[in-house]
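Comments concern the structure below.
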Amino acid sequence: MLRSLVGSEMCIRDRTEQGVAAREALAYLESFGSDGWKFRKVRQTWLLQNLYDDNLVPEDHFPQGVSRDKTLQQAQEMVKGFEEADEAVEVDAIKQSRAVQIVGALIE
């Protein structure tokens, strides 16, 4: 009896801790892109480990390529800026080359 009680308590504690971790990770995910957002390795790791579990990361929180889309948008804006730059303005050739490569890779 004592063994099963201890096992039950541990199971409840594990589920409670998992729930807390899930809530914190989802709050972290929701705050992405805001001014107060800060990278948190523990939250990032939890999200990567549980990304495929729809019970832990519901569909409305599932990332739909936000980082990819944001990176593509930034690279496209840089390429456009380089194309529109006045000839008198020196363009950073390395940045321009990388921006073009990123756009090419992410559009595919």
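Here are the numbers:
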| item | result |
| --- | --- |
| Pairs, first free of Cβ contacts under 8 Å to residues at least 12 places away in the same chain in region 23-37, second surrounded by 12 or more Cβ atoms within 10 Å (Cβ to Cβ) and among the basic types (Lys, Arg), C-beta under 9 Å, six or more apart | Ala27/Arg43 |
| Considering residues of region 48-58 that are open to solvent by 80 Å² or more (accessible area, probe 1.4 Å) and in a loop (DSSP other than H, G, I, E, B) only, the residue farthest from Gln96 (Cα to Cα) | Asn55 |
| Verdict on Ala99 being of a type in the set (Gly, Ala, Ser), at pLDDT 85 or above and more than 30 Å from Glu17 (Cβ to Cβ) | yes |
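Residue-by-condition table, conditions (1) at pLDDT below 85; (2) out of contact with any Phe, Trp or Tyr (no Cβ under 8 Å at 6 or more places or on another chain); (3) surrounded by 12 or more Cβ atoms within 10 Å (Cβ to Cβ):
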{"position": "Asp35", "(1), (2), (3)": "yes, yes, no"}
{"position": "Lys41", "(1), (2), (3)": "no, yes, no"}
{"position": "Trp46", "(1), (2), (3)": "no, yes, yes"}
{"position": "Asp60", "(1), (2), (3)": "yes, yes, no"}
{"position": "Gly65", "(1), (2), (3)": "yes, yes, no"}
{"position": "Lys70", "(1), (2), (3)": "yes, yes, yes"}
{"position": "Ala75", "(1), (2), (3)": "no, yes, yes"}
{"position": "Glu83", "(1), (2), (3)": "no, yes, no"}
{"position": "Glu90", "(1), (2), (3)": "yes, yes, no"}
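The values are calculated or read from the model by the stated rules, or taken from the named source; none is laboratory data. Please read these numbers as outputs of a predicted model, since none were measured by experiment. Counting neighbours? That spans all protein chains shown, and the Cβs are built from the backbone with ideal geometry, glycine included. The protein model used for the area step is the full one, side chains on, heavy atoms only, and it has no ligands, DNA or RNA in it. Shrake-Rupley method; radii C 1.70, N 1.55, O 1.52, S 1.80 Å.
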